[in-house]
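Taking it in order: structure first as structure tokens, then the write-up.
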Amino acid sequence: MTLALLADLAQILAEVFLEPDADLKEDLAQLLDGCANPTLTEPLSRMVRNSLDAEAQPVEYARLFLHAKDTDTVHLFESVQARGHHLAPEVLGPLKAIYDEADISLQEDLAVPPDHLGLELACLSYLLGQAIEGDPAERSPVVELAQRLVRQHLRPFTALVVEQLPLVQAHPYYRAAAELASALLPAAEKALVEL
């Protein structure tokens, strides 16, 4: 599994979880064509098969992640998942350290806290890209940051989201997206070790 494909998958998943009305059908189909890992192709193909139309997708996103009416809201913020409230310093501190070490600065006017699942996946995509493009002699710190992000943040966070989505009768598109994110993490760790 190439790091470039994994970086692209992480970026697409970042968009899935950050942008309720993102039309990613073509991008997902292209990634599916280039993916040979069955652990990733299975949820990716379910996303392609179950993509929502332009009107239904933002409604389902809002129902699941923003304003649930008849079920619990599935929070896309690591602080809420790990500590039960927004902006938990024990989550944000270590995450901000990763962003700082990677020289990633979030837009000041960004309305989304830095521990949003989409932003963490975008950070992983960036780090995987840096591991590919960077000078091999300077690759080790980037690899360590990516491994730390996966191990300390994304793995436990994503596992909780994957567990909660079936409980709120999530549309198969979002269930497959969360499962793809979960499957992406060990694949990324393996590819980083093999660099």
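The values are calculated or read from the model by the stated rules, or taken from the named source; none is laboratory data. Since we're looking at a predicted model, the values are computed, not measured. For neighbour counting, all protein chains shown are included, and Cβ atoms are generated from backbone atoms with ideal geometry for every residue, glycine included. Please note that ligands, DNA and RNA were not included when accessible areas were found on the heavy atoms of the full protein model with its side chains. Shrake-Rupley method; radii C 1.70, N 1.55, O 1.52, S 1.80 Å.
Give me the accessible area per residue for segment 104-154, probe 1.4 Å, as a whole number in Å².
48 Å²
Label-point separation (nm) for Asp21 and Glu163, each offset 7 Å from Cα along Cα-to-Cβ?
If labels sit at Asp21 and Glu163, their model points lie 3.5 nm apart.
From the phi angles alone, apply the Karplus equation (6.51, -1.76, 1.60; θ = phi - 60°) to segment 175-184 and give each ³J(HN,Hα) in whole Hz, x where the residue is Gly or Pro.
Rounded to whole hertz, the list is 5, 5, 4, 5, 5, 5, 4, 5, 6, 5.
Sticking with the crude label model, points 7 Å out along Cα→Cβ, report the distance from Asp70 to Asp33 in nm, one decimal please.
Inter-label distance under the simple model: 4.0 nm.
Solvent-accessible area per residue for segment 43-85 at a 1.4 Å probe radius, Å²?
I get 55 Å² per residue for segment 43-85.
With contacts defined as alpha carbon pairs under 8 Å and 6 or more residues apart, what's the relative contact order of the chain in percent?
That works out to 33 percent.
Full extension from His85 to Glu108: what is 0.36 nm times the residue separation minus their Cα-Cα distance, to one decimal in nm?
Extra length available between His85 and Glu108 comes to 6.1 nm.
Using only the Cα atoms of the chain, what semi-axes does the equivalent ellipsoid have when each is the square root of 5 times a gyration tensor eigenvalue? Give whole Å, largest first.
Here the semi-axes work out to 25, 21, 14 Å.
In units of 2.2 N^0.38 Å, what is the alpha-carbon radius of gyration of segment 56-126?
Expressed relative to 2.2 N^0.38 Å, the Cα Rg reads 1.21.
If you project the alpha carbons of segment 1-87 onto the principal axes, what extent comes out on each, in Å, largest first?
Largest first, segment 1-87 extends 38, 30, 18 Å along its Cα principal axes.
What does the charge add up to near Ile104, with Lys and Arg as +1, Asp and Glu as -1, over the other residues with Cβ less than 14 Å from its Cβ?
With Lys, Arg at +1 and Asp, Glu at -1, the neighbours total -4.
Just from its helices, what would the mean residue ellipticity at 222 nm be for the chain, if runs of 4 or more DSSP H residues each count -39500 (n - 2.57) and the sum is divided by every residue, rounded to the nearest 500 deg cm²/dmol?
When only DSSP H runs of four or more count, the value is -19500 deg cm²/dmol.
Hey, any idea what % of segment 146-195's accessible area is carbon plus sulfur with a 1.4 Å probe?
Looking at segment 146-195 in its full context, I get 54 percent from C and S.
What whole-number value in cubic angstrom gives the convex hull volume per residue for the C-alpha atoms of segment 107-165?
Considering the Cα atoms of segment 107-165, their hull volume per residue is 92 Å³.
Run the quick spin-label model on Ala97 and Leu195: label points 7 Å from Cα toward the beta carbon, then report their separation in nm to one decimal.
About 2.0 nm, to one decimal.
Calculate the all-directions average of the projected area of segment 138-187's alpha-carbon convex hull, and give it in nm².
Over all viewing directions, segment 138-187 projects a mean Cα-hull area of 3.6 nm².
Sorted by packing (mean other beta-carbon atoms within 10 Å per residue), highest first, where do 184-193, 16-25, 113-122 land?
Most protected by this proxy first, the peptides run 113-122, 184-193, 16-25.
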